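The values are calculated or read from the model by the stated rules, or taken from the named source; none is laboratory data. Predicted model, so just to flag it, every value in this text is computed and none were measured. All Cβ positions, even for glycine, are placed from backbone atoms using ideal geometry, and neighbour counts span all protein chains on display. Ligands, DNA and RNA are stripped out before the accessible areas are found, and what is left, the full protein with its side chains, is counted by its heavy atoms. Shrake-Rupley method; radii C 1.70, N 1.55, O 1.52, S 1.80 Å.
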Amino acid sequence: MDATEKTQSIESVNKAMSIKEWVLILILSIIWGGSFFFVGVAVKELPPLTIVLGRVALASMILLAIVYLKGERMPTSLGVWGSFLVMGALNNLIPFCLIVWGQTHIESGLASILNATTPIFSVVLAHFFTQEEKLTLNRISGIVLGWVGVSILIGIESLRGFGLE
């Protein structure tokens, strides 16, 4: 990749977000954040793996419906399905199992705070593992604001059970 292609690639990564993208992020945050509440309720009656199975199965059915409604077809290659299996396990199954199991030991507010730190740590790790995502003053400000925002929105009192067990 020459210098011009690299610059174009970086510019396409760092483009400004549109209103539509901000609205989609807002909707995602409501759905994602609300799941901690519902898991907190469900974990009182159901075992963690049952909750994860229900969540993943429901998401799979919705995604399958979207694929067919768009007129697309599911892949037939075993290699692609193997990749799906690995991605699904690493990005969904294992983290969801750990989060739901964790909510049997801590409050859902604390679980959501800990989960909300994922993008904050991603920015920091991207600095060390990529060439295009180095820390800048704006990104460092975003990290600080992210920590403050998570603490304010969820509430400092949610940290009261942290580290006791």
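Rounded to a whole number, what % of the accessible area of the stretch 48-118 do carbon and sulfur atoms account for, probe 1.4 Å?
Details: 3600 of 4840 Å².
Of all accessible area on the stretch 48-118, carbon and sulfur atoms account for 74 percent.
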For the stretch 36-50, Karplus-derived ³J(HN,Hα) couplings (6.51, -1.76, 1.60; θ = phi - 60°; whole Hz; x for glycine and proline) come out as 5, 4, 5, 5, x, 6, 5, 5, 6, 10, 10, x, x, 5, 5
Rounded to 0.05, the calculated FRET efficiency for the beta carbons of MET17 and SER83 at R₀ = 25 Å is 0.30
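So between ILE27 and LEU98, what do we pick up on full extension, going 0.36 nm a residue minus the alpha carbon distance? Don't skip to the end; give the middle numbers.
Details: separation 71, 0.36 × 71 = 25.56 nm, distance 2.40 nm.
Gain on stretching ILE27 to LEU98: 23.2 nm.
Just the number please: accessible area per residue for the stretch 64-130, 1.4 Å probe, all protein chains included, in Å². Don't skip to the end; give the middle numbers.
Numbers: 4610 Å² over 67 residues.
I get 69 Å² per residue for this part.
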How would THR76, THR130, THR117, THR50 rank on accessible area, largest to smallest, probe 1.4 Å? THR76, THR50, THR130, THR117
